Amino acid sequence: RRAQFAALRDKPPVTKDGTRITLMVNAGLRDDAAALDLTGADGIGLFRTEFQFLVSATMPLRQQQQRLYRDVLETAGDRPVVFRTIDIGGDKALPYLRQDDGDGEENPAMGWRAIRVALDRGGLMKAQARALIEAAHGRTLNVMFPMVSEPWEYDEAKAMFEAQRTWLHERGKRPLSIRYGAMLEVPALAEMLDILLPKLDFISIGTNDLTQFLFAADRANPKLAERYDWLSPAILRFLRRVRRECDTTPVTVCGEMGGRPLEAMALIGLGIERLSITPAAIGPVKAMVRSLDVPALRAQLAGWIDAGEPDIRARLTEFAESSGV
Ligand code: PEP
Ligand code: MG
């Protein structure tokens, strides 16, 4: 099967009925960008910039950050790279970043992390914004903010970037354009899409965090790992609603869910046609995509979701088998 997936490298992810699916990879280290050529992916849909911070004993300097981002953009060439600003704090604590409470937190996943840290420690975000904008000189910069819970947080983060963009513009560092996005991983944000969407260029759904918050189930607790299914009607209803509300705004799923062929099939059935997944999943997901008949799937899936079908996984498996996916 490995050889079979490798043979798919240069084949486009197009379904039987002609729907072009965008398949991108998740990355975080300089060498991860090589996965683009290895897999034939359309771009990097999630570059986790905190990796550089986590593997470093001291705060990475702006120049070091810039070098990493520039190298990744160069390897990507014409393919887009979506940089996520640092998602640190909570359980991904940095020894060189002082936490205000000193003793850690009882619920780090719901704690002082990601954009919450970035907005409180403006210096961190400012350095990262400059590094990204400088690295993207002459190109399009795609940047997204993690763990946005309310539109004002997105507004503030974007304003911080725009201030650095103005500052660098005067110094001759000018990206072609900057596209801004928010990660949807806190359920509260889904209630504010009408306010949020006009402000941004794209949405990326982080189903890892989103699921843990929807079900109040720690994503790192092995006792709960089997209990909540990504294919449960609750999640699929939630995602369907978000997809509908986003209308013309591009929506990507960048959580692990999209890297499993059956789950990816369900997402496509909901109209989510952009996935960013672990590189090893590109082959299996592309094979599924190329044998999928979307209209047939969509009709059936809608029925199961509306009826609250308790075992959508079994129904999807039958559908896949009977239609040769
Ligand atoms: C997610 O939460 O789904 C996500 C993609 O981000 P991370 O796994 O890095 O939290
Ligand atoms: Mg997340």
Radius, Kirkwood style, for segment 2-155 when every pair of distinct Cα atoms is counted (Å): 17.1 Å
Under 5 Å, built H, 5+ apart or other chain: amide partners of Met24: Asp42, Leu275, Ser276, Ile277
Pairs to check: Lys92/Lys286; Lys126/Lys199; Lys158/Lys286; Lys173/Lys199. Give those whose C-alpha atoms are more than 27 Å from each other in this structure. Lys92/Lys286; Lys158/Lys286
Cut-off 9 Å between beta-carbons: net charge of the residues surrounding Lys16, Lys and Arg +1, Asp and Glu -1: -1
Bins of 5 Å, starting at 0 and running to the largest distance - Cα pair percent for segment 70-209: 2, 9, 20, 20, 20, 16, 9, 4, 1, 0
Among Pro146, Pro295, Pro80, which one shows the highest mean-square fluctuation when the chain is modelled as a Gaussian network with alpha-carbon springs under 10 Å? Pro295
Summing Lys, Arg as +1 and Asp, Glu as -1, what charge do residues with Cβ under 12 Å from the Cβ of Glu50 carry, Glu50 excluded? +2
Give me the base-10 log of I(q)/I(0) for segment 193-244 at each q in 0.25 Å⁻¹, Debye formula, one uniform scatterer per Cα, rounded to two decimals. -1.00
So if each residue of separation counts as 0.36 nm, and I subtract the Cα-Cα distance between Lys11 and Gln63, what length gain in nm does that give? 14.9 nm
Extension reserve of the Arg244-Trp167 stretch, reckoned as 0.36 nm per residue once the Cα distance is removed: 23.9 nm
Could you identify which residue out of Met24, Met183, Met59 has the top mean-square fluctuation in a GNM of the chain using Cα springs shorter than 10 Å? Met59
Full-extension gain in nm, Asn107 to Thr19, via 0.36 nm per residue minus C-alpha separation: 27.5 nm
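Which peptide among 72-78, 252-258 comes first, and what is the full order, when sorted by highest mean count of other Cβ atoms within 10 Å?
Going from most to least packed, we get 252-258, 72-78.
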With a 10 Å cut-off between alpha carbons and a GNM built on the chain, which of Leu262, Leu224, Leu193 moves the most? Leu224
Taking the Cα atoms of segment 168-218, what is the range of coordinates along each of the three principal axes, in descending order and whole Å? 48, 24, 13
Tell me what the chain gives for mean residue ellipticity at 222 nm when only DSSP H runs of n ≥ 4 count, each as -39,500 (n - 2.57), the sum divided by the residue total, rounded to 500 deg cm²/dmol. -12500 deg cm²/dmol
Percent antiparallel among DSSP beta bridges with both residues in the chain, to the nearest 5? 10 percent
Bins of 20 Å, starting at 0 and running to the largest distance - Cα pair percent for the chain: 31, 58, 10, 0
What is the distance, in nm, between label points placed 7 Å from the Cα along the Cα-to-Cβ direction at Asn221 and at Ala302? 3.7 nm
With θ set to phi - 60°, apply the Karplus curve 6.51 cos²θ - 1.76 cosθ + 1.60 along segment 188-200 and write out the HN-Hα couplings as whole Hz, x wherever there is a Gly or Pro. 4, 5, 5, 7, 10, 4, 4, 7, 6, 4, x, 8, 10
In terms of the Cα gyration tensor, with a ≥ b ≥ c the square roots of its eigenvalues, is segment 212-325 rounded because a/c is under 1.5, prolate because a/b exceeds b/c, or oblate? rounded
Pseudo-spin-label distance Ala234 to Tyr96, built 7 Å along Cα→Cβ, given in nm, is 4.1 nm
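Cα gyration tensor of segment 1-43, axes a ≥ b ≥ c as square roots of the eigenvalues: rounded (a/c below 1.5), prolate (a/b > b/c) or oblate?
Values: a/c = 3.12, a/b = 1.52, b/c = 2.05.
Oblate, because a/c is 1.5 or more while a/b does not exceed b/c.
Values quoted throughout were computed directly from the atomic coordinates according to the rules given, and no laboratory measurement underlies them. If you're wondering where the values come from, they're calculated on a predicted model, not measured in any experiment. Here Cβ is always computed from backbone atoms with ideal geometry, including for glycine, and neighbour counts include all displayed protein chains.
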